[in-house]
1. Would you work out which of V146, Q273, F129 lies farthest towards the positive end of the dipole of the chain? Charges go on Cβ: Lys and Arg +1, Asp and Glu -1.
2. For the chain, what's the relative contact order in percent, using C-alpha pairs closer than 8 Å and at least 6 residues apart?
3. Below 8 Å between Cα atoms, with a sequence gap of 6+, how large is the relative contact order for the range 234-319 in percent?
4. I need the peptides 76-87, 48-59, 296-307 ranked by packing, meaning the mean over residues of other C-beta atoms within 10 angstrom, with the highest value on top.
5. For the chain, find the longest principal axis of its Cα atoms and tell me its angle to the long axis of helix 317-332, 0 to 90°, nearest 10.
6. Sort 237-247, 65-75 for me by packing, meaning the mean count of neighbouring Cβ atoms within 10 Å per residue, highest on top.
7. Which FRET efficiency, nearest 0.05, do D134 and S62 yield, Cβ-Cβ r, R0 22 Å?
8. Order the peptides 338-345, 257-264, 195-202, 226-233 from the highest to the lowest mean number of other Cβ atoms within 10 Å of their residues.
Amino acid sequence: MSFRNLSGMATLVFSVLFILSSCVKEGPMGLAGADGVDGVDGKDGKDGTAACLVCHNVTTKSAVVAQYDVSQHAAGVATARSTSNQCAVCHSHEGFVEHTVTGLDTTYVGVAHPTDIACNTCHSTHNTFDFAKDGQDYALRTVAAVDLMLYTDHVKKIDFGNTSNLCANCHQPRNSYRVPGEGGETTYSITSSRFGPHHGPQSTLVEGIGLYDVAGSMPIPGTKSHPHRDGACVSCHMGDFKDGTGGHTWKASLNNCKSCHTSATSFDVNGGQAKIAALITDLKNALIAKGVLDAAGNLTKPGGKTISATNPLVLPVHQAGAFWNYITLIEDRSNGVHNPAYIEAVLKNSLESLQ
Ligand code: HEC
Ligand code: HEC
Ligand code: HEC
Ligand code: HEC
Ligand code: HEC
Ligand code: HEC
């Protein structure tokens, strides 16, 4: 202890004694003692919000919102379909939120004033905030395996094992009609001019199911077998936003293909899309030649009258199946990319079956 401190201490003791002994009146305040020495700085703590600010910042949000705004989810008009309880699950924010709670294929009632698929349709609440241990959940409303509506008893599920499960809830065929041949029948009655897998059969194709798997010279590849299934929807349709594609535009991005097809200059990798497009046209022409389709490419009207439950178009199962495959691949709109090997095999075998 230095002399200054000692004398400071002595002054202090003296002052206290003085105050205690003085019972008449306080004297003036003594001089303030000198400041003590500063303590050593503590170690910086970890910033509690650093992991959160990666996503939760204005720049990220503005960029995502700008991408979302040009997407078909935001710009499309299909929301209007949701006034029917058959359609609301996939065509509106309200219907989808209800579906994620009930797990049902339809909403209880139609949605009178449906709103677009927006941020909080897909995102809501983080499962945990422990991303280091539990992995990144992106606060997605659901990434659970998806029951397929196409199989009315829900016997088949899709589990891509990543965030693409979210997409499969909506981008799957509806349950309106059974896939021809599934019941082992030899003839099949088409009961509506709208026959087909409404309207987003992308998930089932990526999985390698949902077509009429007719036997022929090409072996049908097993389900889950194509490498394109690995990252599924999000690996081709999201990823980094580049050249107006990817990210939250959900437009397939050539940038994403290049991680595997390093020299790709278009989606038509090795002429794969052109090959499938030509096979789809060949199948259409074969269906016209068999009288399944009329010259305009629409299902032939039995007796010249509209197809209905009372006026069905009854076909040998392989012809109904070939049409099912044709209309599924038209609605898919990837010209084979969603599962090049499965789609090529089924198309070629369907053509052979019509010869
Ligand atoms: C990989 C991106 C990402 C990271 C990292 C992230 N979040 Fe989120 N978070 C989101 C998204 C997307 C949403 C839903 C959209 C929105 O509300 O902005 C969300 C929603 C939320 C919500 C509102 C919904 C809820 O869960 O109640 C809170 C609160 C939240 N985050 C807190 C955090 C915290 C705290 C951290 C860090 C421990 C964090 N977030 C890290 C992407 C992220
Ligand atoms: C709530 C149901 C729903 C979910 C979830 C959903 N979609 Fe969609 N998606 C739709 C509907 C409905 C449309 C058609 C919108 C329209 O045209 O109005 C659409 C359109 C699209 C389109 C554009 C098609 C076009 O005509 O250009 C792409 C691509 C797409 N979705 C990919 C995805 C991907 C990838 C995911 C998962 C990250 C996903 N969607 C999740 C319902 C959904
Ligand atoms: C299982 C989810 C699901 C249900 C249920 C559903 N849709 Fe869709 N629908 C979609 C998806 C996904 C798309 C977009 C597909 C794409 O862009 O390839 C779509 C697209 C459409 C389109 C635009 C495509 C076109 O060919 O013009 C119309 C119209 C449509 N749906 C009407 C309906 C109606 C009407 C109902 C109810 C009877 C309904 N949808 C029920 C998922 C669904
Ligand atoms: C159709 C479903 C869907 C909608 C709508 C949607 N997101 Fe996402 N979002 C996803 C999915 C899926 C991922 C995770 C992608 C992955 O696994 O790589 C994601 C990732 C994110 C991330 C983290 C990665 C990144 O891009 O920075 C943020 C932040 C985010 N979303 C914010 C938003 C906001 C804000 C909106 C509304 C403008 C929105 N999302 C709308 C499906 C959606
Ligand atoms: C291997 C990459 C890849 C995978 C995996 C993939 N897609 Fe695609 N998808 C494409 C390409 C390429 C197109 C054609 C885009 C074009 O021609 O502009 C496409 C087309 C589409 C379309 C029609 C869009 C349009 O603009 O006409 C929808 C909807 C779609 N995909 C949804 C999905 C969904 C949902 C999944 C997951 C089940 C998925 N895709 C998986 C690459 C992929
Ligand atoms: C994870 C790696 C991976 C990614 C990402 C990927 N592909 Fe592929 N793709 C493959 C493999 C492997 C094959 C060959 C499979 C086989 O032999 O059947 C293939 C086959 C194809 C074929 C068939 C080519 C042929 O020779 O018949 C097309 C077309 C194709 N891919 C397009 C795309 C497009 C477009 C994208 C991006 C939107 C993409 N791929 C992204 C791995 C990938």
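1. Q273
2. Reported as a whole number, the value is 15 percent.
3. 12
4. 76-87, 296-307, 48-59
5. 40
6. Highest to lowest by the protection proxy: 237-247, 65-75.
7. Details: r = 28 Å, r/R0 = 1.27.
About 0.20, to the nearest 0.05.
8. On the way: 338-345: 22.9, 257-264: 12.1, 195-202: 21.0, 226-233: 18.8.
Answer by packing, highest mean first, reads 338-345, 195-202, 226-233, 257-264.
Computed from the coordinates by the stated procedures, all read-outs in this text should not be read as laboratory data. Predicted model only: the values in this text are computed from it and were never measured. With ideal geometry, Cβ positions are generated from the backbone for all residues, glycine too; neighbour counts draw on all protein chains shown.
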